[in-house]
Amino acid sequence: MKRELDELEVIERYLVLLLGVVDRPIPSREHVQKELFILSKAYPKASEFLRFERHYKGPFSPDVSELIESPSYYVGAFTIDRSGRCSLTEEGRKIYEKIVQENRENARFKELLAVMKTIRELYDRLSKDQLLFLIYTSYPEYKERSIFLEKLLSKRRALAESLLKKGLITEKRFEELTSYNNSPKQSRGGSGSSNASITARSSPIFRW
């Protein structure tokens, strides 16, 4: 009989899967935080475990921050280099492959990996400024404690143009971003890259 998983172990599994689904490092700790935040929005079941608070750098999970640096269950699975890039170690890759093998017949698990891969392919390509700019303008409730928002808004046209050139936003979204004025009444937009909306079914052991 399979054992129940502790909530922190579940979070570590999300980290293992996000890092392993694409065979390259995630560019920074900030990218790890924001990509898991996007996952919690695109894949609502993940939000039961991935909880984010308002932070001066946007959505922030203390659990993710602690576990990527010092995991409790998958010790030695993650590594962070001097430039802040996060990746799986050889041991972490073995853990990733084991989890994938154990869930190879689970359709919802396959959908989760597909969502994670889409997130990685899109958001790994963003600079930290581009990433924060999209997060703040798409989820304005998380700009409350920001110390970077005004700086980002001062160069919003350049940021929006760079996103458009990368093919990450539409012309319509470009116009929305360049006219964003940080007003309390500013309507929430979509970044054009968080369209996945898959709801996982429950499992008595681990709810993907």
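The values are calculated or read from the model by the stated rules, or taken from the named source; none is laboratory data. Everything numeric here is computed off the predicted structure, so don't read it as measured data. A quick note on method: Cβ atoms are made from the backbone with ideal geometry, for glycine too, and the neighbour counts reach across all protein chains shown.
Overview of results
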{"read-out": "Test: residue in the stretch 35-54 that is basic (Lys, Arg) and within 20 Å of Thr89 (Cβ to Cβ)", "value": "no"}
{"read-out": "Subset of the stretch 169-182 that is at pLDDT 90 or above and not in a helix (DSSP H, G or I) - its residue that is surrounded by the most Cβ atoms within 10 Å (Cβ to Cβ)", "value": "Ile169"}
{"read-out": "Subset of the stretch 1-58 (residues that are under 21 Å from Ser146 (Cβ atoms) and assigned to a loop (DSSP other than H, G, I, E, B))", "value": "Pro27, Ser28, Leu50, Arg51, Phe52, Arg54, His55, Tyr56, Lys57, Gly58"}
{"read-out": "Hey, Ser87 among the polar types (S, T, N, Q) and either assigned to a helix (DSSP H, G or I) or surrounded by fewer than 14 Cβ atoms within 10 Å (Cβ to Cβ) (or both) or not", "value": "no"}
{"read-out": "From Lys34, Lys57, Lys45, residue being crowded, with 22+ Cβ neighbours inside 10 Å, outside the structural domain of Tyr142 (by TED's automatic domain parsing) and basic (Lys, Arg)", "value": "Lys34"}
{"read-out": "Residues being of a type in the set (A, V, I, L, M) and farther than 18 Å from Pro27 by Cβ - total across the stretch 130-165", "value": "6"}
{"read-out": "Answer residue from the stretch 60-84, given it is in a strand (DSSP E or B) and either assigned by TED's automatic domain parsing to the domain that holds Glu141 or in contact (Cβ under 8 Å) with a residue 40 or more places away in the chain (or both) and is farthest from Leu50 (Cα to Cα) among those", "value": "Ile80"}
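So that you can scan it fast, the table gives a plain yes or no per residue for (1) assigned to a helix (DSSP H, G or I); (2) basic (Lys, Arg); (3) over 30 Å from Leu168 (Cα atoms):
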site	(1), (2), (3)
Tyr96	yes, no, no
Gln101	yes, no, yes
Arg104	no, yes, yes
Phe109	yes, no, no
Leu113	yes, no, no
Thr118	yes, no, no
Leu122	yes, no, no
Leu132	yes, no, no
